[in-house]
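Structure first, commentary second.
The values are calculated or read from the model by the stated rules, or taken from the named source; none is laboratory data. None of the values given here were measured: they were computed from a predicted structure. We place every Cβ from the backbone using ideal geometry, glycine too, and count neighbours over all the protein chains shown.
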Amino acid sequence: MTDTDDAESAEPTDGGDAPTETRRNTPGRGVRPTADAIEPAAPAEFGLVQAWWGGGKGKTTASLGMAFRAAGHGYRVHLLQFMKGGADSVEDVRGEYNAIAAVPGISYENTGHYGWHRMADGTEEDDHRAKAKGAMKRARELLAAAGNADLTEPLPLDADPEAGVHLLVLDEVLYAADQGLIDENEVLDLIESKPATLELVLTGSHTEPTYLLEAADLVSEVRKVKHPFDAGTRARKGTEY
């Protein structure tokens, strides 16, 4: 009998149906890990710039997934949303806000104007521009605060983001730049001023942000193959908001 035969015939344990020798080489050794309590901690390898763009659904969803993952490890996280002030198809309280409120270490703020830019919904260009400019000002304040904090150390999970954060998500900032509400150079200036150990995540834009290709460490395109919006389906509670 070969070593492979031995592995395949090994008796399973209470960790599951896979043979013991197979489970031995998995991270959890075949046993489902139990969750730890969330305690303040500091990341050892943060400091990159991520950009998520494209015509497909999933850019904000991906950034929120990372945000909750980081918060689950006890890192301080903040979400600053551009251009998401609501619309007649979206309730004012999105599901992520309720989830964020229930998880230690992660906070959010929404700076968007009601309606969506260039959607013929009666909102004024200048109002959208003013909101986007205000969000950019706030982003600079948060980066400056992170620069004044020691991000190699744990941060209080209940502290205001002005005390520093380990991960900052600027949701739809790339779309604001694509729409001309803020300047692309302002986005590059944010990256340039970023503290070395702050993880910065930028989302938005259906147009490739080529100006970011050198400045960002990760650039992912979320490509649309098919979308229910094209068939007239409106935003659905629990999936789009």
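Among the residues making up segment 184-207, those that are in a loop (DSSP other than H, G, I, E, B) and either touching a Gly at 6+ places or on another chain (Cβ under 8 Å) or under 21 Å from K137 (Cα atoms) (or both) are K194, P195, A196, T197, L198, G204, S205, H206. Report yes if some residue within segment 163-182 is hydroxyl-bearing (S, T, Y) and part of a loop (DSSP other than H, G, I, E, B); otherwise report no. The answer is no, given that none of the residues of segment 163-182 is hydroxyl-bearing (S, T, Y) and part of a loop (DSSP other than H, G, I, E, B). Looking at segment 28-45, can you tell me whether even one residue there is within 25 Å of R140 (Cα to Cα) and either modelled with pLDDT under 75 or touching a helix residue (DSSP H, G or I) at 6+ places or on another chain (Cβ under 8 Å) (or both)? Checking segment 28-45: at least one residue is within 25 Å of R140 (Cα to Cα) and either modelled with pLDDT under 75 or touching a helix residue (DSSP H, G or I) at 6+ places or on another chain (Cβ under 8 Å) (or both). For segment 161-188: of the residues being among the acidic types (D, E) and in contact (Cβ under 8 Å) with a residue 24 or more places away in the chain, which is surrounded by the most Cβ atoms within 10 Å (Cβ to Cβ)? Looking at residues that are among the acidic types (D, E) and in contact (Cβ under 8 Å) with a residue 24 or more places away in the chain, I get D171. Pick out the one residue from R118, R94 that is on the phi > 0 side of the Ramachandran plot, charged (D, E, K, R), in the same structural domain as D150 (by TED's automatic domain parsing) and modelled with pLDDT under 95. On inspection, the qualifying residue turns out to be R118. Based on this model, can you work out whether S63 counts as on the phi < 0 side of the Ramachandran plot, small (G, A, S) and modelled with pLDDT of 95 or more? Here the answer is yes, as S63 does meet what is asked.
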